[in-house]
Amino acid sequence: MQSNFWFKIGTVLFFITGVIPQVTMGIINFIVNREVDIFTVVIVLLIIYGATIGKKQVRKLDAWAQKKFQRD
């Protein structure tokens with residue numbers, strides 16, 4: 001149960017420090033330039049990746065790390 005608590009804390013911190021600033025920078029960039037440039041496209045693609053395929057890859061990485069670093 002302790003790891004579940006820290007996972008939730010980590011998820012919240014990641015969301016606050018990772019997703020929100022990226023989205024904010026993309027929106028500000030779009031408002032200032034009034035065009036969709038490569039920066040905005042990259043931000044959108046990263047968010048889509050993280051919400052779809054990225055979740056599966058994180059689960060695979062987590063399973064690998066648990067096997068690799070488990071205590072015998």
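Assorted remarks:
- VAL12 part of a helix (DSSP H, G or I) and at pLDDT below 85: yes
- Residue match in the range 16-34 (condition: over 13 Å from the mean Cα position of the chain (by Cα), without any contact (Cβ under 8 Å) to a residue 12 or more places away in the chain and not in a helix (DSSP H, G or I)): yes
- Within the range 38-51, at least one residue is modelled with pLDDT of 85 or more, loosely packed, with under 10 Cβ neighbours inside 10 Å and over 16 Å from the mean Cα position of the chain (by Cα).
- Verdict on TRP64 being modelled with pLDDT under 80 and either of a type in the set (Phe, Trp, Tyr) or not in a helix (DSSP H, G or I) (or both): no
- If the condition is being within 18 Å of GLN22 (Cα to Cα) and either not hydroxyl-bearing (Ser, Thr, Tyr) or not in a helix (DSSP H, G or I) (or both), then the range 42-54 contributes VAL42, ILE43, VAL44, LEU45, LEU46, ILE47, ILE48, GLY50, ALA51, THR52, GLY54.
- Flag if PHE5 is part of a helix (DSSP H, G or I), under 19 Å from the mean Cα position of the chain (by Cα), loosely packed, with under 10 Cβ neighbours inside 10 Å and free of Cβ contacts under 8 Å to residues at least 24 places away in the same chain: yes
The values are calculated or read from the model by the stated rules, or taken from the named source; none is laboratory data. Since the model is a prediction, treat every value here as computed from it, not as a measurement. Neighbour counts are summed over all protein chains in view; Cβ atoms, including those assigned to glycine, are modelled from backbone coordinates with ideal geometry.
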